[in-house]
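Student: Below is a structure I'd like to ask you about.
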Amino acid sequence: MAGTFDANQLRKGTIYKKDGNTLVVLDYKHIKMGRTPATIRVKVKNIVSGSITEITYGSSDKVEDADVAKRSAQFLYSDGSKLYFMDNEDYSQFELPTEDLGGQEGFLKEGERVVTMYLDGRPISVELPASVELEVTLASDAVAGDSSNNPTKKVKLETGIEINVPLFIKQGEKIKVNTETGEYVGRASGS
């Protein structure tokens, strides 16, 4: 039997086993209400059947670690429904359905390095870096007087996604974005 770990260590992209099925976490919520113990609610996809379900765990529950191999890969392109990658070890190309990334596909730009998870010799998921640097391609100017209560504006990034950033960010700047939350982290180094 593989090792186990606490359910509160589950995050987007984590692969684990439950009742003999290999599951990948698509979404994760840590819920704590008043004096009650925390619960972990995860939306998971069964890797073999493709079915998606929600599971709730107590914070002290244990889950079984899946025996997954990790290898470096490079993102090539997307055609909308599929994402195409190249393995950096043997230069073979493979594809994954866009929905397998659970909304994180908007943080991938051509040439981005990722970690690929393999189960039984086939790629099943990719793990993005904690943050990525993306260029702001569309940003409106800040309006004078818009400075109360932590002001932000919506900008469009080079991959097509839109996020909220501080008012001082301008079109053409490179910014760091947290790939798990989709939030602005800061200006990219050298920007």
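Student: Quick check for you: which residues of region 13-55 have the amide N under 13 Å from the point 7 Å beyond the Cα of Asp65 toward its beta carbon?
Tutor: 15-17
Student: By how many nm would the segment from Lys156 to Lys29 lengthen if fully extended, with 0.36 nm per residue of separation less the alpha-carbon distance?
Tutor: That works out to 43.1 nm of additional length.
Student: Related question: For region 56-183, give the magnitude of the charge dipole about the Cα centre (Cβ charges: +1 Lys/Arg, -1 Asp/Glu; no others), in debye to the nearest 20.
Tutor: With only Lys, Arg, Asp and Glu charged at Cβ, the dipole is about 480 debye.
Student: Among Ile124, Leu83, Asn178, whose Cα sits farthest toward the positive end of the charge dipole of the chain (+1 at Cβ of Lys/Arg, -1 at Cβ of Asp/Glu, about the Cα centre)?
Tutor: My answer, from the dipole projection, is Asn178.
Student: Next question, about the same structure. Taking the Cα centre of region 1-132 as the origin, how large is its charge dipole in debye, to the nearest 20, when only Lys and Arg (+1) and Asp and Glu (-1) carry charge on their Cβ atoms?
Tutor: Around 660 debye, computed over region 1-132.
Student: Calculate the translational D of region 4-107 in whole µm² s⁻¹ from Stokes-Einstein, where the hydrodynamic radius comes from the Kirkwood formula applied to all Cα pairs, the temperature is 10 °C and the viscosity 1.306 mPa s.
Tutor: 105 µm²/s
Student: Between Thr4 and Ser92, what is the label-to-label distance in nm when each label sits 7 Å out along the Cα-to-Cβ direction?
Tutor: It works out to 3.5 nm between the two label points.
Student: Limiting things to C-alpha atoms, what are the Rg and the maximum Cα-Cα separation (Dmax) for region 4-65, in angstroms?
Tutor: 11.4, 38
Student: Tell me, what is a quarter of the convex hull surface for the C-alpha atoms of the chain, in nm² with one decimal?
Tutor: Mean orientational projected area (the chain, Cα hull): 13.7 nm².
Student: Tell me which aspartates and glutamates have Cα within less than 13 Å of Lys45's Cα, excluding those fewer than 8 residues away on the same chain?
Tutor: Cross-link targets: Asp27, Glu54, Glu99, Asp100.
Student: Between Asp79 and Arg122, what is the label-to-label distance in nm when each label sits 7 Å out along the Cα-to-Cβ direction?
Tutor: Going by the 7 Å Cα→Cβ label model, 1.8 nm.
Student: Here's a follow-up. Using a Förster distance of 30 angstrom, determine the FRET efficiency expected from the C-beta separation of Val48 and Glu183, and round it to 0.05.
Tutor: 0.35
None of the figures in this text is laboratory data; all of them are computed from the coordinates on show. Just so you know, these numbers come straight off a predicted model, no measurement behind them. No Cβ is skipped: glycine too gets one built from the backbone with ideal geometry, and neighbour counts run over all protein chains shown.
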